[in-house]
Amino acid sequence: ETGMFTYDPGFTSTGSCDSEITYIDGDEGILLHRGYAIDELAEKSNFLEVCYLLLHGELPNAAQEAEFEHTITRHTMVHEQIHHFYRGFRRDAHPMAVLCGVTGALSAFYHDSTDVHDPRQREVASHRLIAKLPTLAAMAYKYSIGQPFIYPRNDLSFAENFLHMTFAVPAEEYKINPVMARAMDRILILHADHEQNASTSTVRLAGSSGANPFACIAAGIASLWGPAHGGANEAVLKMLGEIGSKDRVGEFVKKAKDKDDPFRLMGFGHRVYKNYDPRAKVMRATCYEVLEELGVKDPLLDLAMALEKIALEDEYFVERKLYPNVDFYSGIILKAMGFPTSMFTVLFAVARTVGWIAQWTEMIGDPHQKIGRPRQLFTGHTSREFVPLNERG
Ligand code: SDX
């Protein structure tokens, strides 16, 4: 017995890790948001409608959808003083470092929505976070490439606004490609929530102390950044770049199986799915749509398909039920849409903010909620006498 205690985020004893929001059957590869299947939502719904569903538990009617969209749209601008905040970063700062820093600072600008025990302030903070994360994300990108910030517009959809703030320049009109906007919206839906993953558990644990929602979301962004979690989409592109060609796929699959080699196939495997991640299937179909629309023949897609085929037929992966996850294809689409790899996890954070907020609201709104206090299995020294310096070896 190594006695090592594996910290299980589901065991945060926050008093309420039971949840009504998202259901995953890892063996069957099923993902439901408030009972609706992810592939149906991705095909028939839109991101703001899924946000409403995650927050309120039901799909909105026409009036509710219009009001929610109006509210979110009118929270997309950020306090002008925040523009100066960005100027403190080096231009080559990783956009996730910027996003983490600026999001954590939001409570200093919006302190009228930080009282977690006031339902109205909780709702305003939720709307502000969902609406402002895309603006902050686009600003991080613009700052990194030395271009001016582009303000949000109220005549664009959530996805269109994000593309516009990211890719528009003052010198000319930016034409929204409807296929890109649809793909963006679908990618946001696919990343919106995923029950008690590492970053969501981080948000719940941080929130269980009564910390303000802006600080909790910053904690979630920090956790998501890891390459084993949301940082995997960036790591997949780096890995495909290292593999370079189909004839080297076997070499990397062999490396991934070598216990003495820390290398793992990025975008493969999952803590819960022991079947194909249902989001990866939609992501792969979206990949084809975007590349076809853009007329891009991306060798990375062929390479990813070759890697997937070999891994899915390999005994090591089959035995361990390792399948492609949501991150395996997302990077290829995002690269084709013009995003640099450094922005991939930022996009994941923009989408996952609504999931974090929905889970935080469920936790903080529970009257029996207690501060999280994970337990341990102590494996250190039992009690012993102090040894003076001159008697130590
Ligand atoms: C996300 O939790 C969520 O819901 C997360 C997420 C979300 O929406 O929030 O779905 C998003 O984070 C998706 C995962 C993205 N990460 C990656 O793609 C990184 C590569 N994947 C691995 O690091 C890994 O699969 C994890 C971290 C995702 C899971 O790791 P585990 O818990 O160790 O996986 P496991 O217990 O199923 O592993 C079983 C075996 C182990 O080998 P043995 O000890 O049995 O010999 O499979 C091996 C692992 O070493 N293994 C891999 C592997 N993933 C697991 N071997 C090679 N390549 C891999 N990718």
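The values are calculated or read from the model by the stated rules, or taken from the named source; none is laboratory data. Predicted model, so just to flag it, every value in this text is computed and none were measured. All Cβ positions, even for glycine, are placed from backbone atoms using ideal geometry, and neighbour counts span all protein chains on display. These accessible areas exclude ligands, DNA and RNA; they are computed on the full protein's heavy atoms, side chains included. Shrake-Rupley method; radii C 1.70, N 1.55, O 1.52, S 1.80 Å.
When you check ALA137 against the structure, is it in a loop (DSSP other than H, G, I, E, B) and under 17 Å from the mean Cα position of the chain (by Cα), yes or no? Against the criterion (in a loop (DSSP other than H, G, I, E, B) and under 17 Å from the mean Cα position of the chain (by Cα)), ALA137 does not qualify. Identification of helices (runs of 4 or more DSSP H) wholly contained in the range 160-259 with 3 or more residues that are under 23 Å from the mean Cα position of the chain (by Cα) and more than 16 Å from the ligand (Cβ to nearest atom) yields 178-190, 213-224.
Considering the range 164-186, the residues that are free of Cβ contacts under 8 Å to residues at least 40 places away in the same chain, touching a Leu at 6+ places or on another chain (Cβ under 9 Å) and open to solvent by 40 Å² or more (accessible area, probe 1.4 Å) include one that is nearest to ALA140 (Cα to Cα), namely TYR174.
What residue, of ILE24, ILE82, is touching a residue at least 40 places away in the same chain (Cβ under 8 Å) and within 21 Å of the chain's Cα centre (by Cα)?
The conditions single out ILE24.
Taking the numbered list (1) in contact with a strand residue (DSSP E or B) (Cβ under 8 Å, 6 or more places away or on another chain); (2) within 11 Å of the ligand (Cβ to nearest atom); (3) not polar (S, T, N, Q) in turn, GLU308 passes all entries but (2). Can you say whether PHE348 is of a type in the set (Phe, Trp, Tyr), within 14 Å of the ligand (Cβ to nearest atom) and surrounded by 14 or more Cβ atoms within 10 Å (Cβ to Cβ), as far as the supplied structure shows? Yes, satisfied.
In the range 347-360, the residues that are under 13 Å from HIS33 (Cβ atoms) and at pLDDT below 95 form no Cβ pair under 7 Å with any partner that is open to solvent by 10 Å² or more (accessible area, probe 1.4 Å) and away from the ligand (no atom under 11 Å from the Cβ), whether six or more places apart or across chains.
VAL236: over 25 Å from ILE30 (Cα atoms) and open to solvent by less than 10 Å² (accessible area, probe 1.4 Å), yes or no? Can you show your working first?
Values: over 25 Å from ILE30 (Cα atoms): no; open to solvent by less than 10 Å² (accessible area, probe 1.4 Å): yes.
No: the conditions fail for VAL236.
To keep it simple, each residue is scored yes or no on (1) within 15 Å of the ligand (Cβ to nearest atom); (2) open to solvent by 80 Å² or more (accessible area, probe 1.4 Å).
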position: LYS281; (1), (2): yes, yes
position: LEU303; (1), (2): no, no
position: TYR316; (1), (2): yes, no
position: GLY338; (1), (2): no, no
position: PRO367; (1), (2): no, yes
position: SER383; (1), (2): no, yes
